[in-house]
Every structure is written in C-alpha cells, then in structure tokens.
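Data block below; observations after.
The values are calculated or read from the model by the stated rules, or taken from the named source; none is laboratory data. As the structure is a prediction and not an experimental result, all values here were calculated from the model. Cβ sites come from the backbone with ideal geometry, for glycine too, and all protein chains shown count toward neighbours. Calculation scope for accessible area: heavy atoms of the full protein, side chains included, ligands and nucleic acids excluded. Shrake-Rupley method; radii C 1.70, N 1.55, O 1.52, S 1.80 Å.
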Amino acid sequence: MAGQGLSTDEVQQFREALAAGRKPRVVFTAAAGQMAGQLGQVVALTDPAESEEFVVVRFGRDELPFSPADVAVAPKGAGRRPAAEAKPEPEVVQPPAAPEPEFVLDTPRVPAPRREEPKVEQQQAEPRPAKRAVKAAKPKGPAGLTVTLAYADGEWTVAAQQGAKALARPYVVKPAEALRMVALVDVPGVQEAVEQILAAERAEAEQQAEKLRAELAEIEARLAELREAR
C-alpha cells in the first residue's frame, strides 16, 4: 500500500499519458479511507483551480474524483491475477467387492459399505469494498462584497471590502447622503437610529451657532465702543 500521494511531476506525467490515450494505474493510499490498497485507473484530470479533487479515477463501474493525496502510482505488476491453480479432483472411494456367498445357513450376510460422496467445500464470497460516496465538486463563486456605513466622532464614513481585499478605504460622506443610503435599506429601526443621530447633531450645531452669534455680538459691541472713543 502506497503511503504518499502523487507529486507534481507525477501529475504532469499523468496528463501526458492521458493525452497519448493511456490510462495510468493508481493505488489508493490511506487518505482514501476504506478504499486504501485498491487499484484504479486515472481517466481524466480536471482543473485544480476549481477543486482540490481533480484526479478522476475509474474504480469498478464508477468514476470518482479524488485529490492527489488519495492515490499514488501503482507498482509494476499490480493488478495481474495469478494463474488459477488446478484443483485436485475429489477422490472417489470404490466400494469393496462383495464377498462370495458361503454355504453355511446360519452365517449372517455382511452389508456392503455405503459409498461416501465427496464433500465439496463452498467458498464464501469475499465482501466487496464499500463504495465511496461521490463528492460533488463545488464551483468556487466570487468572494463576498461588504459595504459598511459607519458613524463615529460626528462623521459618517463608507467603506467597501471584497473578501480579504479592501476595495475602498473609509471616506467621509455628508449626513444627507448617509440618510439616503439608509433609506434604500428600508429598515424602520435603522432609519430611526440615523434620524436620531442627525437630530442630535443638528441640535448641537444650533447651540454652537447661538454661542458664536452671542460672542460675535459682544465683539461687535466692543468694536463700536472703541470706534466712538476716537
């Protein structure tokens, strides 16, 4: 039983053999589970980028995909059945010849021995290995896309990420744009939360404006006094 799977060079050799019309023989490794030690034929090599199980092996009537770690190159001479040995014919026991009758009236007859039939031992059928469940190759779809609208420190930011790749770093957007984005989601709870944040910001801005107006009025009054003092 092979202990290791196919190497990169062996996979390339299999591709060349398949292109030439040959079907290389392989033996299942311990990584294949119940099928370890069994023999098969490689009938195709699919795209490794679509699935790690790209080695299609014919085992009996089934053609199943496996990974390079599940199979190894079969040793030379593997799979050849030795010539069937001739079974000895059962020995037939011949019955002994019947004794000649004696001319004695009180001598009992000796019954002839019964012929024993040769016993033929029935060979128990070897259990077939369980078929491995066919693994459907799952096509790899595009990586997930995440768009994040966040609020922190009085600023609204938008960021975009696809899988582990950042498509757009967080950049600042206006509160009105953030409100329009949330309106597209059509989730009442989210809209209410955004409106509360905008209302709080609006109230704080109005307070700051009133404060600045008062300070500006004081400065203008002071400036008018200074002009009158000329």
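Of the residues that make up region 122-141, is at least one over 30 Å from residue 62 (Cβ atoms), out of contact with any Gly (no Cβ under 7 Å at 6 or more places or on another chain) and either modelled with pLDDT of 75 or more or open to solvent by less than 100 Å² (accessible area, probe 1.4 Å) (or both)? Before you say what the answer is, go through the steps one by one.
Step one: of region 122-141, the residues over 30 Å from residue 62 (Cβ atoms) are none.
No: zero hits.
Taking region 30-53, which residues are hydroxyl-bearing (Ser, Thr, Tyr) and buried (at least 16 other Cβ atoms within 10 Å of the Cβ)?
Of the residues in region 30-53, the ones hydroxyl-bearing (Ser, Thr, Tyr) are 46, 51.
Answer for region 30-53, where residues must be hydroxyl-bearing (Ser, Thr, Tyr) and buried (at least 16 other Cβ atoms within 10 Å of the Cβ): just 51.
Among 71, 27, 56, which is the only one that is touching an Asp or Glu at 6+ places or on another chain (Cβ under 9 Å) and open to solvent by less than 70 Å² (accessible area, probe 1.4 Å)? Spell out how you get there, then give the answer.
On the way: 71 fails: touching an Asp or Glu at 6+ places or on another chain (Cβ under 9 Å); 27 fails: touching an Asp or Glu at 6+ places or on another chain (Cβ under 9 Å).
Exactly one residue qualifies, and that residue is 56.
For region 4-24, what are the residues that are among the small types (Gly, Ala, Ser) and open to solvent by less than 80 Å² (accessible area, probe 1.4 Å)? Don't jump to the end; show me each part of the working.
From region 4-24, those among the small types (Gly, Ala, Ser) are 5, 7, 17, 19-21; that's our starting set.
Scanning region 4-24 gives 5, 7, 17, 20, 21.
Using the structure shown, decide if residue 42 is in a helix (DSSP H, G or I), touching a Pro at 6+ places or on another chain (Cβ under 9 Å) and among the β-branched types (Val, Ile, Thr).
Numbers: in a helix (DSSP H, G or I): no; touching a Pro at 6+ places or on another chain (Cβ under 9 Å): yes; among the β-branched types (Val, Ile, Thr): yes.
The answer is no for residue 42.
Is it the case, given these coordinates, that residue 206 is open to solvent by 90 Å² or more (accessible area, probe 1.4 Å) and either assigned to a helix (DSSP H, G or I) or modelled with pLDDT of 85 or more (or both)? Outline the logic, then answer.
On the way: open to solvent by 90 Å² or more (accessible area, probe 1.4 Å): yes; either assigned to a helix (DSSP H, G or I) or modelled with pLDDT of 85 or more (or both): yes.
Yes, satisfied.
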